[in-house]
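Notes for the one structure printed next.
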Amino acid sequence: MPGSGKSTIGKAVARRLGVPFVDADISIERRLGCSIAAFFEREGEDAFRDLELETIASLVVSGPSVLATGGGVVVRERNRALLSARTHCVYLCASADLLWERLRRDRRRPLLQVADPQARLRAMYAEREPLYRETAQVVIQTDGLSFGRLVDQVVQHAGSSGGARG
């Protein structure tokens, strides 16, 4: 989910494992030459999801890395299939309350720029949570865990899988 710590935790995990960190959203923005929010506004969510699929497909075959995806990557079945088959996918599971606490002032996420962003976040959580669980090989409950402990757990799971993908 947005705000779960994918990029922050991912960077630290990549450093510990000695592999590159790749943020799919940043890769998409570089490809577009504009922000995801601007592209979303101009082209819509479907066009963004098409581009996201192309980007994920290229990133999962680019060599060992820690890849942080956008929170909505799981809404497309083909993305879920790619992540399940080509990565060791870790779901950083944060409660809806914790996510709201982290995101309530965030103005960068296009899907939360609505009249009631908390209700929208809860609806996204309800829709996506089962999809994250379906896709991930590992689920880590993040509420109450320190940054260091989260990094340790992801590194431990990555090491036991023989790779650092996902």
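Here are the numbers:
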| quantity | calculated |
| --- | --- |
| Top-ranked residue of the range 100-125 - restricted to ones that are of a type in the set (A, V, I, L, M) and in a loop (DSSP other than H, G, I, E, B), ranked as surrounded by the most Cβ atoms within 10 Å (Cβ to Cβ) | VAL114 |
| Check on GLU129, of a type in the set (Asp, Glu) and either in a loop (DSSP other than H, G, I, E, B) or surrounded by 15 or more Cβ atoms within 10 Å (Cβ to Cβ) (or both) | yes |
| Test: residue in the range 133-149 that is at negative phi, touching an Asp or Glu at 6+ places or on another chain (Cβ under 6 Å) and not in a loop (DSSP other than H, G, I, E, B) | no |
| Unmet criterion (only one of (1) exposed (fewer than 12 other Cβ atoms within 10 Å of the Cβ); (2) under 15 Å from the mean Cα position of the chain (by Cα)) for THR55 | (1) |
| Selection count, the range 1-60, where residues are among the polar types (S, T, N, Q) and outside any helix (DSSP H, G or I) | 2 |
| Leading residue by the ranking (nearest to VAL19 (Cα to Cα)) among those in the range 35-60 that are touching a residue at least 12 places away in the same chain (Cβ under 8 Å) and polar (S, T, N, Q) | THR55 |
| Long-range neighbours under 9 Å by Cβ, at least six apart or interchain, first residue over 21 Å from HIS157 (Cβ atoms) within the range 121-141, second of a type in the set (S, T, N, Q) and surrounded by fewer than 17 Cβ atoms within 10 Å (Cβ to Cβ) | TYR125/SER95 |
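Every read-out reported here was derived from the displayed coordinates using simple, explicitly stated rules and does not represent laboratory data. Nothing here was measured: the structure is a model prediction, and the numbers come from that model. Quick reminder, even Gly has a Cβ in these numbers, built from the backbone with ideal geometry, and neighbours come from all protein chains shown.
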